[in-house]
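J.: Dropping a structure here in structure tokens format, bear with me for questions.
The values are calculated or read from the model by the stated rules, or taken from the named source; none is laboratory data. Predicted, not measured: the structure shown is a model, and the values here were computed from it. Cβ placement follows ideal geometry from the backbone for every residue including glycine, while neighbour counts extend to all protein chains displayed.
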Amino acid sequence: MRDKALQAVEQYGMLPTGSRVTVALSGGADSVALLHFLCSLRQERSLQLSACHINHLLRGEDSGRDETFVRALCRAWQVPLAVFREDVAAGAKRAGESVEQFGRRVRYERLSQAADGGLTATAHTLSDRAETTFINLLRGTGLKGLCSISPVQGRIIRPLIFCTREEIEAYCRDNGIDYVTDKSNFSLDYTRNRIRLEIIPALRGIQPSFYPIYGRMLAHLEEDEDFLKQAADEALEKAKRGPGLDAQILRGLHPAVLFRVLRQYLEQDGLPWDTAHMAATRRMLQEKTGRIQLREDCWLALGGGKVFLLRDPEELEMEPLAVGPGELPDNPLASGFLRLINCEQFTNLQKHECNILKKTIDYDKIYGRLFLRPKQKGDYLRLARRKVGKPLRKWFNEQKVPPQLRGRIPILADERSLVWAAGLGADERVLPTDTTTRFLVIDIEEDVQ
């Protein structure tokens, strides 16, 4: 075990000299062996070791027994210990989560609190990785899920990641190390336990070298995942357009890279992302418009040639932006072009675009300067095709535009009033007529459904 743990430490650069390391200490064989191993390196690497125990209050007297054991062990080995008591069952009920999910979240929160910016060492093993691979497989995972638990994840290190549970128990026997055993580990009521106690032993009966072979498979999968991650990192940087992503660049990406680009883009905001979201996004990219709900208050949207996050649009802070013929300046609301054309060019466009009037205004009817902006209170629009004028709010109601999306709809206004709204069209005041000589074509992608 020790040799494999040292190999992991060196291969992944887990323990720089002088590191502060907090060990997640449950009292079981894995975590006790990890603490013992790190204690053996304490002087050599000038490590500042501490431990953290979270009592989940789930197993009655056994929970208290584990805490008492851990306290005595840390006193004997001269390791500072932080203990947290969390009523996980009650907390999970309040949060509407499973006990396992809530317990895991609280565990890592407390470990991060105890580490206080230092490293956190957890006792995950090769056996844990194999079990997690099968759990993820049953959920329909991709490559990253097959790779299972990462040896290093941010400030979390896992020095025992190359070791099997059998090797760890042998290490404890050889070094005369006591540990406690969680009886729930033998219950077949839990998926992980069934995989540990039934599935993997059956596989080892077929292939006694299961763990070495599994380890080699992981090495190949990790290399592939690392390559795809690098490709996604490069593609993400190339696609960035302010707070959004260039839709044209995204359309040209391989699906495996596109999935990772969008996952990275959303993970930075803690937003969900799965294969169903991916399929919807690919359809949205093909259709060049739309939105996908990620949470109650957040969408992934496509408009103006960009994919972007759409939150409460009323929070969009943007002063009216003076615009003119040419490409729109960079802004958080929209991208595109305003094309100034003559009568002959407009006549040719009419032959190919039946809705060209919906996005064209008489350039000479603009009063003063032209501005791009979000909606404002009192905006009013008279649509010639409907021969009626209404407050913009009522037009949005008719179009069934959700209130939380209205603040992201591009508006063009001059110094007198509103002249055009995406998805609705131009105001009657600025519509071209037979005497129009200069036409302004608004190529801002409409995003009103």
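J.: Quick check on Leu143: is it in the same structural domain as Val32 (by TED's automatic domain parsing), in contact (Cβ under 8 Å) with a residue 60 or more places away in the chain and not acidic (Asp, Glu)?
T.: yes
J.: On the given criteria, is Asn193 closer than 24 Å to Gly28 by Cα and without any contact (Cβ under 8 Å) to a residue 24 or more places away in the chain?
T.: For Asn193, the condition - closer than 24 Å to Gly28 by Cα and without any contact (Cβ under 8 Å) to a residue 24 or more places away in the chain - is met.
J.: Filter segment 376-392 down to residues that are surrounded by 13 or more Cβ atoms within 10 Å (Cβ to Cβ) and without any contact (Cβ under 8 Å) to a residue 12 or more places away in the chain and give me whichever is farthest from Asp414 (Cα to Cα).
T.: In this case the residue turns out to be Arg386.
J.: Here's a follow-up. Look at Ala322 and say whether it is of a type in the set (A, V, I, L, M, F, W, C) and exposed (fewer than 13 other Cβ atoms within 10 Å of the Cβ).
T.: Values: of a type in the set (A, V, I, L, M, F, W, C): yes; exposed (fewer than 13 other Cβ atoms within 10 Å of the Cβ): yes.
Yes; evaluated as a whole, the condition is true for this residue.
J.: Let me ask something else. Suppose we keep only residues that are part of a loop (DSSP other than H, G, I, E, B) and at pLDDT 85 or above within segment 59-83. Which one would you say is surrounded by the most Cβ atoms within 10 Å (Cβ to Cβ)?
T.: Among them, the one singled out is Val79.
J.: Criterion first (crowded, with 16+ Cβ neighbours inside 10 Å, among the aliphatic types (A, V, I, L, M) and under 28 Å from Lys377 (Cβ atoms)) does Leu300 satisfy it?
T.: Taking the combined requirement at face value, the residue does not satisfy it.
J.: Given the criteria under 25 Å from Ile161 (Cα atoms), surrounded by 14 or more Cβ atoms within 10 Å (Cβ to Cβ), of a type in the set (D, E, K, R) and in contact (Cβ under 8 Å) with a residue 24 or more places away in the chain, does Glu86 qualify? Can you show your working first?
T.: Numbers: under 25 Å from Ile161 (Cα atoms): no; surrounded by 14 or more Cβ atoms within 10 Å (Cβ to Cβ): yes; of a type in the set (D, E, K, R): yes; in contact (Cβ under 8 Å) with a residue 24 or more places away in the chain: yes.
No: the conditions fail for Glu86.
J.: Report the residue count in segment 154-171 for those that are more than 16 Å from Glu10 (Cα to Cα) and crowded, with 24+ Cβ neighbours inside 10 Å.
T.: Of the residues in that region, 1 qualify.
J.: Regarding segment 334-357, can at least one residue be identified that is surrounded by fewer than 18 Cβ atoms within 10 Å (Cβ to Cβ), touching a strand residue (DSSP E or B) at 6+ places or on another chain (Cβ under 6 Å), touching a residue at least 12 places away in the same chain (Cβ under 8 Å) and among the β-branched types (Val, Ile, Thr)?
T.: Yes, segment 334-357 contains a residue that is surrounded by fewer than 18 Cβ atoms within 10 Å (Cβ to Cβ), touching a strand residue (DSSP E or B) at 6+ places or on another chain (Cβ under 6 Å), touching a residue at least 12 places away in the same chain (Cβ under 8 Å) and among the β-branched types (Val, Ile, Thr).
J.: Let me ask you something else. When you check Ala232 against the structure, is it out of contact with any helix residue (DSSP H, G or I) (no Cβ under 6 Å at 6 or more places or on another chain), of a type in the set (A, V, I, L, M, F, W, C), over 30 Å from Met318 (Cα atoms) and assigned to a helix (DSSP H, G or I), yes or no? Please lay out each step first, then the result.
T.: Details: out of contact with any helix residue (DSSP H, G or I) (no Cβ under 6 Å at 6 or more places or on another chain): no; of a type in the set (A, V, I, L, M, F, W, C): yes; over 30 Å from Met318 (Cα atoms): yes; assigned to a helix (DSSP H, G or I): yes.
No: the conditions fail for Ala232.
J.: Restricting attention to strands (runs of 3 or more DSSP E) lying wholly within segment 371-431, give those where 2 or more residues are of a type in the set (A, V, I, L, M, F, W, C).
T.: 380-383, 411-413, 418-421
Each row is one residue, and each column tells you yes or no for (1) in a strand (DSSP E or B); (2) in the same structural domain as Leu370 (by TED's automatic domain parsing); (3) on the phi < 0 side of the Ramachandran plot; (4) out of contact with any Phe, Trp or Tyr (no Cβ under 9 Å at 6 or more places or on another chain).
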site	(1), (2), (3), (4)
Gln248	no, no, yes, yes
Ala256	no, no, yes, yes
Arg260	no, no, yes, yes
Arg282	no, no, yes, yes
Leu285	no, no, yes, yes
Ala301	yes, no, yes, no
Pro329	no, yes, yes, yes
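J.: Counting just the residues of segment 39-72 that are within 22 Å of Thr120 (Cβ to Cβ) and in contact (Cβ under 8 Å) with a residue 60 or more places away in the chain, which one comes out nearest to the chain's Cα centre (by Cα)?
T.: Cys52
J.: Output yes when any residue across segment 2-19 is among the hydrophobic types (A, V, I, L, M, F, W, C) and over 22 Å from Thr125 (Cβ atoms), and no when none is.
T.: Filtering segment 2-19 for residues among the hydrophobic types (A, V, I, L, M, F, W, C) gives 5-6, 8-9, 14-15.
Still in the running and over 22 Å from Thr125 (Cβ atoms): none.
Scanning segment 2-19, I find no residue that is among the hydrophobic types (A, V, I, L, M, F, W, C) and over 22 Å from Thr125 (Cβ atoms), so the answer is no.
J.: Tell me, which residue of segment 360-375 that is surrounded by 18 or more Cβ atoms within 10 Å (Cβ to Cβ) and in contact with a strand residue (DSSP E or B) (Cβ under 6 Å, 6 or more places away or on another chain) is farthest from Phe337 (Cα to Cα)?
T.: It comes out as Lys375.
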